[in-house]
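Everything on this sheet refers to the single structure shown next.
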């Protein structure tokens, strides 16, 4: 099964670390994975008419059986980069049906304070696209690299990677 991890962070940091931890666990359990770092890809807003990398990203997403969305939490929401990608996927709504989706959110505040809203937004998007929610992990970190010391979050990430690789 092909798993595509999409990191919506505009910089290298906690969200990317969390995503790579899940993907490494999935690889250890036999999955074929690919990673898309939206910080390295140009995806324009709908209607700009400009050439961008959306078709490259959409092709990878359509071919995947499982998607992992990773994003920092900004003002109780996912990153603008990931939000834009999800908006653009609307033209492929039928191709999104029945894909499994895992959600990784990182933030400086507690889950109830901010992360919960970001997770719930992505769950609603999954429901709209008729995708199947496979689980989520929230990682609280105030500084880059801090999440690597949180053994509870690392364990949750590895278990999620194993779960999505085996199902």
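Only the coordinates and a few stated rules stand behind these numbers; no lab work does. Bear in mind that the values here come from a model prediction, so they are computed numbers and not experimental data. We place every Cβ from the backbone using ideal geometry, glycine too, and count neighbours over all the protein chains shown.
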Working out 0.36 nm times the residue gap between residue 98 and residue 24, then minus their Cα-Cα distance, what length gain in nm do you get to one decimal?
24.3 nm
Max mean-square fluctuation residue, GNM over the chain, Cα-Cα springs under 10 Å, options 69, 133, 54
54
Between the stretch 1-59 and the stretch 142-167, how far is it from one alpha carbon centroid to the other, in angstrom?
17
Suppose each label sits 7 Å from its Cα in the direction of the beta carbon; what would the residue 11-residue 53 distance come out to in nanometres?
1.9
Candidates 20, 116, 59: whichever shows maximal mean-square fluctuation once the chain is modelled as a Gaussian network with Cα springs under 10 Å
59
Provide the percentage of antiparallel DSSP beta bridges, counting only those with both residues in the stretch 2-166; round to the nearest 5.
5
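For the chain, what relative contact order do you get, as a whole percent, if you take Cα pairs closer than 8 Å and at least 6 residues apart?
Details: 326 pairs, mean separation 49.3, N = 167.
That works out to 30 percent.
In deg cm²/dmol, rounded to 500, what helix-only [θ] at 222 nm does the chain give when every DSSP H run of at least 4 residues adds -39500 (n - 2.57) and the total is split over its residues? Display every interim value, and only then the final one.
Numbers: 6 runs with 67 residues, N = 167.
That comes out to -12000 deg cm²/dmol.
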Take the chain, connect every pair of alpha-carbon atoms lying under 10 Å apart with a spring to form a Gaussian network, then pick out the residue of 61, 78, 43 with the largest mean-square fluctuation.
43
Cα gyration tensor, the stretch 72-167 - rounded (a/c under 1.5), prolate or oblate
oblate
